[in-house]
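Written out below as structure tokens is the structure these notes cover.
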Amino acid sequence: MIIRNDFEQAAAKQLAADLCCLPEDFFVYKNAVTLPGMREGRRKFSGSPHFFRAATMGMGAVICADEAVTDYSRLLCSEKSGAEIFSAATLAGLNNELRRHGCCIGVINEYFLPKSTSRPAVPHQGFDIRVFEGSDIELLYRWEGFDNALLHRTIGERYDILAVCAISGNVIMGIAGASRDSETMAQIGIDVLEQYRGMGIGSALASICASEVMGMGMVPYYGTWMGNVISRRLALHCGFYPAWCEMFSLQITD
């Protein structure tokens, strides 16, 4: 079993709560299938567990699926490696199976963790940095264009706990926000208005936001969909590295 750092251990514990398995399931070259449940500490992206959900941290994959697709999931795990379960060919067949049950693959995201707890100062010019916490974050909700950075709520099961802003005069150029997704994990989202991109704003905000989250005693993580190359580059530039891949189904609606 290979665990590279404490951040990966924390992520594995979180995924175990989400997918009803054991943390060590993510550090062996063997796939596992579990049934959905409402485990304490899970990230509550939806009111009820997803019909189908899978994740891999680079070794085996864990599939957490409804009983209706348990046999299919086990067959998949016996024939494919953890990485192959996320391949285009496998996803095509999986999507056909899910459609038989009124669902489809809804989200496939890559998630990043910090390489180190040490966060070097990020130089920035042409803008000031301001940090908002708690209810003060609500002051930012009137600004448009920051839906990736902010959940627009400071209470509930998932909510904004931090916002780092790049400001010039009275104008907000960009925001990196952190949402409390669970007791231990805070997800970073970033928005930089189009006219201010290319100035290093995103990198500065993400780095500072990660440092602030770690100062709160939480693990910062960053997610993006596979095709968002610019977002993936930003994560790498800010000292994050690919830590796991995750997908879940959504119900098909008319």
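The values are calculated or read from the model by the stated rules, or taken from the named source; none is laboratory data. Please read all numbers here as calculations on a predicted model, not as lab measurements. In this analysis, Cβ positions are derived from the backbone assuming ideal geometry, glycine residues included, and neighbour counts consider all displayed protein chains.
Within region 46-67, residues that are closer than 16 Å to C104 by Cα and touching a residue at least 12 places away in the same chain (Cβ under 8 Å) sit with their Cβ atoms under 7 Å from residues that are surrounded by fewer than 22 Cβ atoms within 10 Å (Cβ to Cβ) and among the hydroxyl-bearing types (S, T, Y), at 6+ positions apart or across chains, in these pairs: C64/T34. Checked across region 144-159, the condition of being closer than 20 Å to V192 by Cβ, charged (D, E, K, R) and within 22 Å of the chain's Cα centre (by Cα) holds for at least one residue.
Give just the number: which of (1) under 20 Å from G227 (Cβ atoms); (2) acidic (D, E); (3) not in a loop (DSSP other than H, G, I, E, B) does D147 not satisfy? Every condition holds for D147 apart from (3). Of everything in region 35-55 that's surrounded by fewer than 20 Cβ atoms within 10 Å (Cβ to Cβ) and among the hydrophobic types (A, V, I, L, M, F, W, C), which residue is farthest from the chain's Cα centre (by Cα)? Ranking the candidates gives L35 first. The residue that is nearest to the chain's Cα centre (by Cα), among those in region 56-70 that are more than 16 Å from N95 (Cα to Cα) and in a strand (DSSP E or B), is T56. For the structure I just gave you, tell me whether A32 is assigned by TED's automatic domain parsing to the domain that holds E110, within 24 Å of Y241 (Cα to Cα) and either surrounded by fewer than 21 Cβ atoms within 10 Å (Cβ to Cβ) or of a type outside the set (D, E, K, R) (or both). Spelling it out, it is not the case that A32 is assigned by TED's automatic domain parsing to the domain that holds E110, within 24 Å of Y241 (Cα to Cα) and either surrounded by fewer than 21 Cβ atoms within 10 Å (Cβ to Cβ) or of a type outside the set (D, E, K, R) (or both). When the residues of region 194-249 are filtered to those that are touching a Lys or Arg at 6+ places or on another chain (Cβ under 9 Å), of a type in the set (S, T, Y) and more than 30 Å from R99 (Cβ to Cβ), the one that is surrounded by the most Cβ atoms within 10 Å (Cβ to Cβ) is S207.
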